[in-house]
Amino acid sequence: MAETVRIAVIPGDGIGQEVIPEAIHLLRAIAERRGLALELWPLDLGADRYLRDGTTLPTKTFEELRDTCQAILVGALGDPRVPSNEHARDILFGFRFGLDLYANIRPVRCLADRLSPLKAHGADAIDLVVFRENTEGLYVGVGGQVRRGTPDEIAINEDINTRKGVERILRAAFDHAVAHGKKRVHMADKSNAMRHAHELWLRAFREVAREYPTVEPVHVYVDALCLYMVQDPRSIEVVVTCNLFGDIITDLGAALQGGLGMAASMNVHPGRRPALFEPVHGSAPNIAGQDLANPFASALTVGMLLGWLGHQDLEGIVERCVRDCVLAGECTRDVGGALGTRAAAEALRGRVLRALG
């Protein structure tokens with residue numbers, strides 16, 4: 001009898017509370033059709049809970065999740081009622097740092113020519129993946145402020161890079177390239193300006209690359225990488241970079257694939273569970289509750305979750321059905337359709353179930 005896979009579910013804030021339930025409908029439908037044993041554990045975490053009683057991520061909940069779950073599905077976090085975004089930071093960083101999910105992996109794949117904003121390139125030219133270091137860099141929060149609120153104020157954030165942290169994300173990117181038959185890995189840094197921190201990245205990249213003779217290592221400054229992603233995206237297959245730069249270039253990547261409503265991600269420690277799966281579009285409070293949000297990023301994230309659990313065929317089916325929905329105009333306004341969130345999600349479920357037979 002197949003092992004039951006326990007998945008924690010946090011709908012999040014804003015449009016997360018619309019698209020994550022649709023993603024769960026899709027996941028349940030696939031599991032029922034394929035006979036997958038899933039246990040979905042809904043968690044009451046997010047802005048509403050924080051405003052109600054101050055809770056962000058309880059230690060007991062974190063420990064149970066760490067010890068009993070194989071995956072976490074999280075909706076967008078962020079709410080204007082919580083200007084500090086304390087709840088979002090505690091939840092997301094609590095998982096990323098607490099579970100040591102050092103690899104943030106974001107595919108950038110355009111599924112239809114009309115979604116590409118590049119006049120010289122269609123969908124077939126945009127197919128890459130970004131490996132973002134997820135537990136170090138400027139996001140560690142080391143630093144401080146002196147003479148706050150005065151003309152002499154000083155604010156410092158330290159960029160933390162360890163040899164261990166840099167090497168393991170580099171290896172994750174090269175391992176992915178080898179496993180998926182990719183020819184090159186681009187490493188993006190600013191070693192010309194950040195002489196100490198990013199010289200470590202450059203040196204480690206050159207050393208780790210020697211372990212992968214079938215993959216071409218390409219060093220590029222991050223500003224040049226942004227240029228190449230627009231000018232010649234076909235030349236880029238796998239990108240690996242630091243936390244801050246990965247955060248920035250994946251938004252550019254989302255634009256190349258049709259917008260944030262098409263962007264999925266996962267946060268993993270290769271070889272360990274649980275992993276965290278998250279659509280990257282944000283909570284979009286300006287359209288929350290209006291049936292306007294694109295559910296496809298959440299659906300593609302569910303596909304990544306299934307692929308990570310070993311069902312790569314199901315991940316492929318979900319992606320193909322999302323593409324078919326876009327091509328048929330069975331999608332939301334942001335990607336050229338006229339459907340609302342629920343109708344677009346229903347259209348996708350129907351296609352997926354038909355594909356499953």
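Each value in this text was obtained by applying a stated rule to the coordinates, not by laboratory testing. All values reported here derive from a predicted model rather than from experimental measurement. Neighbour counts run over all protein chains shown; Cβ positions are idealised from the backbone, glycine included.
Worth a mention:
- The label point for D251 and the one for F62, both projected 7 Å from the Cα toward the Cβ, are 2.7 nm apart.
- The chain, helix-only ellipticity at 222 nm - DSSP H runs n ≥ 4, -39,500 (n - 2.57), divided by all residues, nearest 500: -13000 deg cm²/dmol
- The stretch 77-115 versus the stretch 268-330: alpha-carbon centroid distance in Å: 13
- Distant-in-sequence amide H partners of F277 (H built 1.01 Å from N, under 5 Å): I72, L73, V74, N267
- GNM flexibility winner over the chain from V238, V218, V280 (Cα, springs under 10 Å): V218
- Length released on extending from E211 to R272, taking residue separation times 0.36 nm less the Cα-Cα span: 19.7 nm
- Among M262, T250, L170 the positive-end extreme of the charge dipole of the chain (Cβ point charges): L170
- Fluctuation leader among T301, T135, T150 - the chain, Gaussian network, Cα springs under 10 angstrom: T150
- Summarising the strand pairing of the chain, around 40 percent of its internal DSSP beta bridges are antiparallel.
- Per-residue ³J(HN,Hα) for the stretch 284-293, Karplus 6.51 cos²θ - 1.76 cosθ + 1.60, θ = phi - 60°, Hz, x for Gly and Pro: 6, x, 5, 10, 4, x, 10, 6, 10, 5
- Distant-in-sequence amide H partners of H219 (H built 1.01 Å from N, under 5 Å): M187
- Exposed-site-free run, longest, the chain (rule: GluC sites (Glu not before Pro); DSSP loop; at most 16 other C-beta within 10 Å): 4-152
- Each label point was placed 7 Å from the Cα along the Cα-to-Cβ direction; for R33 and T162 their separation is 4.4 nm.
- Alpha-carbon gyration tensor eigenvalues x 5, square-rooted, for the chain, Å: 30, 26, 21
- The mean sequence separation of alpha-carbon pairs under 8 Å and at least six residues apart, normalised by the residue count of the chain, gives a relative contact order of 21 percent.
- A simple rule links phi to the HN-Hα coupling: the Karplus curve 6.51 cos²θ - 1.76 cosθ + 1.60 with θ = phi - 60°, which for the stretch 97-109 gives 7, x, 9, 6, 7, 7, 10, 8, 10, 10, x, 10, 10 Hz, with x for Gly and Pro.
- Among S116, S283, S235, a tally of other beta-carbon atoms within 10 Å of each Cβ gives an order, fewest to most, of S235, S116, S283.
- Here the Karplus relation 6.51 cos²θ - 1.76 cosθ + 1.60, evaluated at θ = phi - 60°, turns the backbone of the stretch 176-190 into coupling constants of 4, 4, 5, 5, 10, x, 7, 8, 8, 10, 8, 10, 10, 8, 9 Hz, with x for every Gly and Pro.
- Each residue in K119, K182 was given a count of other beta-carbon atoms within 10 angstrom of its own, and listing them fewest first yields K119, K182.
- Nearest-0.05 FRET efficiency for D113 and R195, computed from C-beta distance (R0 41 Å): 0.45
- L292 long-range amide H proximity, modeled H, under 5 Å: T341
- Fully extended contour minus Cα-Cα distance, from L40 to Q231, at 0.36 nm per residue: 64.5 nm
- In the elastic network of the chain, a GNM with C-alpha springs shorter than 10 Å, the most mobile of V239, V140, V130 is V140.
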